[in-house]
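Right, one structure below, let's go through it.
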Amino acid sequence: MSKQPIQGRMTAEAQEEVVVFLIGMRVNSFRAVRSWWPVFTAMPRMLKELSKDKDSGLRGYQLLLGGPRVLYTVQYWESKEKLLAYASAQDKEHRPAWAAFNRRMREGNGKVGFWHETYIVPAGSYENVYVNMPAFGLGAATGVVPVGRRGDRAADRLKAA
């Protein structure tokens, strides 16, 4: 998708179930670079691996900054099964990164924090609008269409599915 703003009101093309996975880290001690740097650098490797594999189930993602200490990713997945398959795959980047992270957590004495949340969102239970924005979030993951095709109001778009 283009990084140029799309003029007007757009909405995500997606109309099916969406799996939203939020995952992030919190730097609890900026001086403890050895504790948080490996966590910080593991996510780009995993996202690159997933993005190259069209069958991985990752539809798209957005990297976000939640203040000076929190970095996180919003990910959009085809299914919870594909998300869980990646998390447990022995031959993918996640397993060694997770093992290394657990070691550092034990050794680091709270210098870095980690969190994730998973949401299974049924079709018809989400809506979105992007005004004069490049494709963003779910719209970047699935494509965008003019709002009128799915309803002019949020209530209309929630009923459309």
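The values are calculated or read from the model by the stated rules, or taken from the named source; none is laboratory data. Predicted, not measured: the structure shown is a model, and the values here were computed from it. Virtual Cβ from ideal backbone geometry, glycine too; neighbours counted across all protein chains shown. Note: accessible area is taken over every heavy atom of the protein model, side chains too, but ligands, DNA and RNA are not part of it. Shrake-Rupley method; radii C 1.70, N 1.55, O 1.52, S 1.80 Å.
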Could you check Pro68 against (1) touching a strand residue (DSSP E or B) at 6+ places or on another chain (Cβ under 9 Å); (2) not in a loop (DSSP other than H, G, I, E, B) and say which number it fails? (2)
Across the stretch 117-128, what is the number of residues that are surrounded by 13 or more Cβ atoms within 10 Å (Cβ to Cβ) and either in a strand (DSSP E or B) or more than 18 Å from the chain's Cα centre (by Cα) (or both)? 4
For Gly8, all conditions in the list (1) farther than 30 Å from Asp156 by Cα; (2) touching a residue at least 12 places away in the same chain (Cβ under 8 Å) hold save one; what is the number of the exception? (1)
Since Asp91 meets every condition but one in (1) closer than 23 Å to Gly139 by Cα; (2) in a loop (DSSP other than H, G, I, E, B); (3) free of Cβ contacts under 8 Å to residues at least 12 places away in the same chain, which condition does it not meet? (1)
Selected residue (criterion: nearest to Tyr76 (Cα to Cα)) from residues of the stretch 129-148 that are β-branched (Val, Ile, Thr) and in a helix (DSSP H, G or I): Thr142
Looking only at residues in the stretch 1-47 that are surrounded by 19 or more Cβ atoms within 10 Å (Cβ to Cβ) and hydroxyl-bearing (Ser, Thr, Tyr), which one is farthest from the chain's Cα centre (by Cα)? Ser35
Considering every residue within the stretch 101-110, establish whether at least one is at pLDDT below 95 and either under 14 Å from the mean Cα position of the chain (by Cα) or at positive phi (or both). yes
Counted residues, the stretch 24-50 - those being in a helix (DSSP H, G or I) and farther than 17 Å from Arg95 by Cα: 5
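Could you list, in sequence order, all residues of the stretch 94-115 that are open to solvent by 30 Å² or more (accessible area, probe 1.4 Å) and either in a strand (DSSP E or B) or among the hydroxyl-bearing types (Ser, Thr, Tyr) (or both)?
Residues satisfying the conditions are Phe114, Trp115.
Just one of Tyr72, Tyr76, Tyr86 is under 24 Å from Met10 (Cβ atoms), among the hydroxyl-bearing types (Ser, Thr, Tyr) and buried (at least 17 other Cβ atoms within 10 Å of the Cβ); which is it?
Selected residue: Tyr76, the only one of Tyr72, Tyr76, Tyr86 that is under 24 Å from Met10 (Cβ atoms), among the hydroxyl-bearing types (Ser, Thr, Tyr) and buried (at least 17 other Cβ atoms within 10 Å of the Cβ).
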